[in-house]
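Colleague: Structure incoming, see below.
What follows is calculated from the coordinates using simple rules that are stated; it is not laboratory data. Keep in mind the model is a prediction, meaning the values are calculated, not measured. Positions of Cβ are generated from backbone atoms using ideal geometry, with glycine treated the same way; all protein chains shown enter the neighbour counts.
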Amino acid sequence: MRLQGAFATVLVMAAVVLAVGVRPWIAESAEAPATSGSVSTALAVPAVPPGAFALTVLYVYDGDTIQAQIQAPNEIVTTSDPIRVRLIGVDTPEGTPTPECWADDARRHLGAMLPEGSTVWAAPDRDTEDDYGRRLFELWTDDGRFVASELVSAGDAEAIRIRPNVTHHELLAQLETEARAAGRGRWGACG
């Protein structure tokens with residue numbers, strides 16, 4: 001009787017381990033990307049997280065940096081002064097001092113997604129500021145598009161990994177691979 005009880009316990013534990021281990025994989029692979037455009041990755045594009053906060057876009061500096069103003073100060077952004085925001089996980093060609101190939105195109109695309117005066121939703125990863133005093137955030141458009149994935153998928157940006165802010169690096173790296181293979185944006189125009 002004790003042997004049957006032990007065997008039943010082992011079977012129950014194995015079922016729990018399988019359910020816990022398989023469930024995230026099923027959820028991740030079953031979700032359709034929550035973005036428009038040519039995103040064809042099997043990884044889920046993240047939706048706006050519950051803790052995201054609203055910023056008003058004031059200016060687009062280049063393809064990966066904006067100036068914005070917090071709509072309601074919070075524990076992450078405590079000032080109502082304009083802040084410079086650097087997108088986490090992406091890098092676009094530099095526009096100054098001499099514009100690199102595709103810099104203007106990347107800036108135009110970001111400006112079209114985040115026009116001046118629009119609302120953008122921001123959330124931190126781990127570090128919230130870089131060595132240059134820029135705030136580091138992941139951004140979503142007011143209609144829920146994940147900005148970094150849109151830029152990388154269009155070929156405007158490459159995926160970069162700067163620890164500890166690497167939550168979505170795997171997704172962005174996969175999107176970059178697809179954009180390069182398809183010759184989208186800078187990958188087809190800049191050689």
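Colleague: When Thr92, Thr141, Thr79 are ordered from fewest to most other Cβ atoms inside 10 Å of their Cβ, what list results?
Modeller: Sorted ascending by nearby Cβ count, the order is Thr79, Thr141, Thr92.
Colleague: While we're looking at this one, here's another question. Would you mind ranking Leu151, Leu175, Leu139 so that the residue whose beta carbon has the fewest other beta carbons within 10 Å leads the list?
Modeller: Ranked by crowding around the Cβ, least crowded first: Leu139, Leu151, Leu175.
Colleague: Which trypsin sites (Lys or Arg not before Pro) does region 84-143 hold that lie in a coil by DSSP with at most 13 other beta carbons within 10 Å?
Modeller: Taking region 84-143 and a limit of 13 other Cβ atoms within 10 Å, the loop trypsin sites (Lys or Arg not before Pro) found are Arg126.
Colleague: Let me ask something additional. Can you give me the long-range amide H partners of Asp156? Hydrogens built in the peptide plane at 1.01 Å from N, cutoff under 5 Å, separation of 5 or more residues or another chain.
Modeller: The answer is Arg186.
Colleague: For the pair Ala189 and Arg126, what calculated FRET efficiency results from E = 1/(1 + (r/R0)^6), where r is the Cβ-Cβ distance and R0 = 45 Å, to the nearest 0.05?
Modeller: Here the calculated transfer efficiency is 0.85.
Colleague: For a quick check: with amide H placed at 1.01 Å from N, whose amide H comes under 5 Å from Tyr61's, ignoring anything fewer than 5 positions away on the same chain?
Modeller: Ile66, Gln67
Colleague: Further question: Quick one: Asp131, Asp91, Asp81, fewest Cβ neighbours within 10 Å first, how do they rank?
Modeller: The fewest-first ordering by Cβ neighbours comes to Asp131, Asp81, Asp91.
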